[in-house]
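For reference, the structure discussed in these notes is given below.
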Amino acid sequence: MRILLVYPRFPQSYWSFEQALALVNRKALLPPLGLVTVAAILPQDWEYRLVDRNIRDVTAAEWGWADLVIMSGMIVQKADFAAQIQLAKQYGKPVAVGGPYASSLPDEVQGFGADYLILGEGEITLPLFVEALANGKTSGRFTTEEKPDVTTTPVPRFDLLELDAYDNMSVQFSRGCPFQCEFCDIIILYGRKPRTKTPAQLLAELQCLYDLGWRRSIFLVDDNFIGNKRNGKLLLRELKTWMAEHDHPFFLNTEASIDLAQDDEMLELMADCNFNAVFLGIETPDTDSLAVTKKFQNIRDPLSESVQKIMRYGLRVTAGFIIGFDGEKPGAGERVIQFVEETAISLAMFSMLQVLPGTALETRLKQEGRMLMGEESGNINQTTLMNFLPSRPIETIAQEYIQAFWQLYDPQKYLDRTYRQFLLMGEPRNKAKLRTPSWVVIRAMLIIFWRQGVLRKTRWSFWRYLLHIMQAKPKNWQYYLSICALGEHFLEYRQLVRQQIEQQLAEYLRLKAAQDQQAESEKTFAA
Ligand code: SF4
């Protein structure tokens, strides 16, 4: 059986970093880990080819070669997901779909023409699919409520990836998160009881990447790396030895809840294992909003102290922020800016609250009659207007959001924050031998020197900050430069945010005015 794995294209987003990736000749930030895991779970006597549409198009020869097409993706990839299913059908190929989008909205995805829906986690549903194929079934829906034991999940087929095209690799140690944030779909898809692989499994995955020649960063795509702290520490103790034996070949980064700051042992181990960044879901500095959204873990300790403590361990904090929670007071955007500036978080991902399918938030808002969408999921991404009626006027929230995003990514403010962050941060602990930078890296540095050190108004700050970091934190200067490089993306992306939100807001207000006018005339007519 010849299987063509297709990963749909993402729209331009906060994380797409096109301009920064182009500087180092990369096409995408992260690979499709789900699809290479699927390829490892399916029979190994089948043949596999993988095309990531974020890198290139599928060729006619590849469509022709395949006996079956398998696709996976997230809701933000919806447009290309639908287009690729339809293209595969034009080539007369059966299509099987799975992953978070199909699992959350199977009927919508089936409407695009998929033949097989492999829902939930593949360790359980892929074998059901294989059995159905063996029995000659030409369509079917394979689903389970059960959450599989991931200690038997095989090493993903990293060999199927075009490794040079990616900036980071990804691996996964755990699935699920113990918390109960109302807007979160992770706990719906993967449950609140974190399940982990064994340390030996994860080390085998890292060894595989090492053997394939990978030497750049690796992202542990866990929903919450510290969801199961005991198992996380067991892994880190073994990883520390592995890293030292392999001369610390990669930097690692991951996602965690803010209570990481309360666990010194975990932070020590992460620093020893060459972790250099962590994403935290901070959401908002407003404690009332955190309580409304049931993010109680963010209320227990002062947020800014927690962020600063994590940074002292050499972990660069990136964080997610949201505007639009129920009961939010005016000025929420301004308060996010104040918090981000105070804590010197260079990369602050800021978006308007969106309701994801299946979440507790969706259930509540449906009961309250506040959803703006019908059964269709609509277009959910970081540059779309809210898909429900918030407790403040949408136009106020949207304006606060646009202004706050614009200010956060003002080139001078971004540079100042990045500088302060690297001064506050501890330095990497590893004693790895210095590696000669590749020609691609040297070229990227020269371009940054030219653009940010010569052409831009911020050039004097750029050089002053660089020289000071070289003196004060000599191990941090290359990472400071890499975050400066990401600033290239935000110059364009903040324009896109402003333009797209303003466009949608104008359309929303036009529709609202028309509805109000119609309601008014109906009232007059009835009277
Ligand atoms: S901490 Fe993060 S992953 Fe866990 S429930 Fe909250 S939003 Fe979801």
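The values are calculated or read from the model by the stated rules, or taken from the named source; none is laboratory data. This is a predicted model, so every value here is computed, not measured. So basically every Cβ, Gly included, is an ideal-geometry build from the backbone, and we count neighbours across all protein chains shown.
Assuming residue 11 fulfils every condition listed in (1) part of a loop (DSSP other than H, G, I, E, B); (2) within 24 Å of residue 91 (Cα to Cα); (3) in contact (Cβ under 8 Å) with a residue 24 or more places away in the chain apart from one, which condition is it?
Residue 11 satisfies all of (1) part of a loop (DSSP other than H, G, I, E, B); (2) within 24 Å of residue 91 (Cα to Cα); (3) in contact (Cβ under 8 Å) with a residue 24 or more places away in the chain except (2).
Say we look at region 500-527 and pick out the residues that are surrounded by 12 or more Cβ atoms within 10 Å (Cβ to Cβ) and of a type outside the set (Ser, Thr, Tyr); which of these is nearest to residue 18 (Cα to Cα)? It would help to see each step written out before you state the result.
In the first step, residues of region 500-527 are kept if they are surrounded by 12 or more Cβ atoms within 10 Å (Cβ to Cβ); the result is 500-505, 508-509, 512.
From what's left, of a type outside the set (Ser, Thr, Tyr): 500-505, 509, 512.
On the way: 500: 18, 501: 21, 502: 23, 503: 23, 504: 24, 505: 26, 509: 32, 512: 36 Å.
Ranking the candidates gives 500 first.
Considering region 406-428 alone, what residues qualify as being assigned to a helix (DSSP H, G or I) and among the acidic types (Asp, Glu)?
Kept after step one, since they are assigned to a helix (DSSP H, G or I), are these residues of region 406-428: 406-408, 411-424.
Listed by number, the list holds a single entry, 416.
Checking the conditions here, which among 303, 315, 290, 361 is hydrophobic (A, V, I, L, M, F, W, C) and under 20 Å from residue 15 (Cα atoms)?
Numbers: 303 fails: under 20 Å from residue 15 (Cα atoms); 290 fails: under 20 Å from residue 15 (Cα atoms); 361 fails: under 20 Å from residue 15 (Cα atoms).
Matching residue, one of 303, 315, 290, 361: 315.
State the number of residues belonging to region 225-237 that are away from the ligand (no atom under 12 Å from the Cβ) and part of a loop (DSSP other than H, G, I, E, B).
1
Just to be sure before I move on: is residue 203 in contact with a helix residue (DSSP H, G or I) (Cβ under 6 Å, 6 or more places away or on another chain), of a type in the set (A, V, I, L, M) and either modelled with pLDDT under 95 or more than 23 Å from residue 158 (Cα to Cα) (or both) in the structure I sent?
Values: in contact with a helix residue (DSSP H, G or I) (Cβ under 6 Å, 6 or more places away or on another chain): yes; of a type in the set (A, V, I, L, M): yes; either modelled with pLDDT under 95 or more than 23 Å from residue 158 (Cα to Cα) (or both): no.
Here the answer is no, as residue 203 does not meet what is asked.
Mind listing just one residue for me: the one in region 238-253 that is outside any helix (DSSP H, G or I) and over 16 Å from residue 310 (Cα atoms) and, of those, farthest from the ligand (Cβ to nearest atom)? Reasoning before the result, please.
Pass one, region 238-253, residues outside any helix (DSSP H, G or I): 246-253.
After this cut, where a residue has to be over 16 Å from residue 310 (Cα atoms) as well, the list is 246-251.
On the way: 246: 30, 247: 33, 248: 28, 249: 29, 250: 24, 251: 23 Å.
The selected residue is 247.
For residue 280, state whether it is crowded, with 18+ Cβ neighbours inside 10 Å, touching a strand residue (DSSP E or B) at 6+ places or on another chain (Cβ under 7 Å) and part of a helix (DSSP H, G or I). Write out each step before concluding.
Working: crowded, with 18+ Cβ neighbours inside 10 Å: yes; touching a strand residue (DSSP E or B) at 6+ places or on another chain (Cβ under 7 Å): yes; part of a helix (DSSP H, G or I): no.
When the stated conditions are applied, residue 280 does not pass them.
Is there any pair linking a residue in region 19-46 that is touching a residue at least 40 places away in the same chain (Cβ under 8 Å) to one that is among the β-branched types (Val, Ile, Thr) and in a loop (DSSP other than H, G, I, E, B), with Cβ under 8 Å and at least six apart or on different chains, and which?
27/55; 28/55; 30/221; 33/221; 37/153; 40/153; 40/155; 41/153
Would you mention how many residues in region 1-25 are under 25 Å from residue 87 (Cβ atoms) and either modelled with pLDDT under 90 or hydroxyl-bearing (Ser, Thr, Tyr) (or both)?
To start, the set of residues in region 1-25 that are under 25 Å from residue 87 (Cβ atoms) comprises 1-13, 16, 18.
From what's left, either modelled with pLDDT under 90 or hydroxyl-bearing (Ser, Thr, Tyr) (or both): 7, 13, 16.
The qualifying residues number 3.
Considering only region 296-368, give the helices (runs of 4 or more DSSP H) lying wholly within it that have at least 2 residues that are closer than 24 Å to residue 402 by Cβ and in contact with a helix residue (DSSP H, G or I) (Cβ under 7 Å, 6 or more places away or on another chain). Let's see the steps before the verdict.
On the way: elements: 303-312, 332-343, 360-367.
Because the criterion is at least 2 residues that are closer than 24 Å to residue 402 by Cβ and in contact with a helix residue (DSSP H, G or I) (Cβ under 7 Å, 6 or more places away or on another chain), the helices (runs of 4 or more DSSP H) in region 296-368 that meet it are 332-343.
Six or more apart or on different chains, Cβ under 7 Å: which pairs go from a residue in region 154-183 that's of a type in the set (Val, Ile, Thr) to one that's away from the ligand (no atom under 16 Å from the Cβ)? Could you list them?
Correct list of pairs: 155/40; 155/204; 155/205; 155/208; 171/202; 171/205; 171/206; 171/218.
Within region 379-396, how many residues are free of Cβ contacts under 8 Å to residues at least 24 places away in the same chain and buried (at least 17 other Cβ atoms within 10 Å of the Cβ)?
Of the residues in region 379-396, 0 are free of Cβ contacts under 8 Å to residues at least 24 places away in the same chain and buried (at least 17 other Cβ atoms within 10 Å of the Cβ).
Looking at the structure I just gave you, is residue 222 within 16 Å of the ligand (Cβ to nearest atom), among the acidic types (Asp, Glu), modelled with pLDDT of 95 or more and closer than 23 Å to residue 100 by Cβ? Step through it out loud before you land on a result.
Values: within 16 Å of the ligand (Cβ to nearest atom): yes; among the acidic types (Asp, Glu): yes; modelled with pLDDT of 95 or more: yes; closer than 23 Å to residue 100 by Cβ: yes.
Yes.
Does residue 181 fit the bill of being at pLDDT 95 or above, farther than 21 Å from residue 275 by Cβ and not hydroxyl-bearing (Ser, Thr, Tyr)?
Details: at pLDDT 95 or above: yes; farther than 21 Å from residue 275 by Cβ: yes; not hydroxyl-bearing (Ser, Thr, Tyr): yes.
Here the answer is yes, as residue 181 does meet what is asked.
Of everything in region 13-38, what is under 13 Å from the mean Cα position of the chain (by Cα) and either within 27 Å of residue 501 (Cα to Cα) or crowded, with 21+ Cβ neighbours inside 10 Å (or both)? Give them in sequence order. Let's see the steps before the verdict.
Let us first name the residues in region 13-38 that are under 13 Å from the mean Cα position of the chain (by Cα), namely 13-17, 28-33.
Across region 13-38, the qualifying residues are 13, 14, 15, 16, 17, 28, 29, 30, 31, 32.
Under the condition of being within 16 Å of the ligand (Cβ to nearest atom) and either among the aliphatic types (A, V, I, L, M) or touching a residue at least 60 places away in the same chain (Cβ under 8 Å) (or both), which residue from region 254-278 is farthest from residue 322 (Cα to Cα)?
If we filter region 254-278 for residues that are within 16 Å of the ligand (Cβ to nearest atom), which is where we start, we get 254-263, 266, 278.
Then drop every residue that is not either among the aliphatic types (A, V, I, L, M) or touching a residue at least 60 places away in the same chain (Cβ under 8 Å) (or both), which leaves 256-258, 260-261, 266, 278.
On the way: 256: 17, 257: 16, 258: 16, 260: 21, 261: 21, 266: 27, 278: 18 Å.
The qualifying residue farthest from residue 322 (Cα to Cα) is 266.
Any chance you could count how many residues in region 60-86 are more than 12 Å from residue 3 (Cα to Cα) and surrounded by fewer than 17 Cβ atoms within 10 Å (Cβ to Cβ)? Show your work before the answer.
Filtering region 60-86 down to residues more than 12 Å from residue 3 (Cα to Cα) leaves 60-61, 72-86.
From what's left, surrounded by fewer than 17 Cβ atoms within 10 Å (Cβ to Cβ): 60-61, 79, 83, 86.
Residues meeting the conditions: 5.
Only helices (runs of 4 or more DSSP H) wholly contained in region 429-527 count here; list those with 3 or more residues that are closer than 16 Å to residue 419 by Cβ and out of contact with any Cys (no Cβ under 8 Å at 6 or more places or on another chain). Walk me through how you get there before you give the answer.
Working: elements: 439-450, 459-472, 477-526.
Once the helices (runs of 4 or more DSSP H) in region 429-527 are filtered for at least 3 residues that are closer than 16 Å to residue 419 by Cβ and out of contact with any Cys (no Cβ under 8 Å at 6 or more places or on another chain), what remains is 459-472, 477-526.
Out of 407, 495, 399, which single residue is farther than 30 Å from residue 242 by Cβ and either surrounded by fewer than 14 Cβ atoms within 10 Å (Cβ to Cβ) or not assigned by TED's automatic domain parsing to the domain that holds residue 242 (or both)? If you could, list the steps in order and put the result at the bottom.
Values: 407 fails: either surrounded by fewer than 14 Cβ atoms within 10 Å (Cβ to Cβ) or not assigned by TED's automatic domain parsing to the domain that holds residue 242 (or both); 399 fails: either surrounded by fewer than 14 Cβ atoms within 10 Å (Cβ to Cβ) or not assigned by TED's automatic domain parsing to the domain that holds residue 242 (or both).
Testing whether each residue is farther than 30 Å from residue 242 by Cβ and either surrounded by fewer than 14 Cβ atoms within 10 Å (Cβ to Cβ) or not assigned by TED's automatic domain parsing to the domain that holds residue 242 (or both) leaves just 495.
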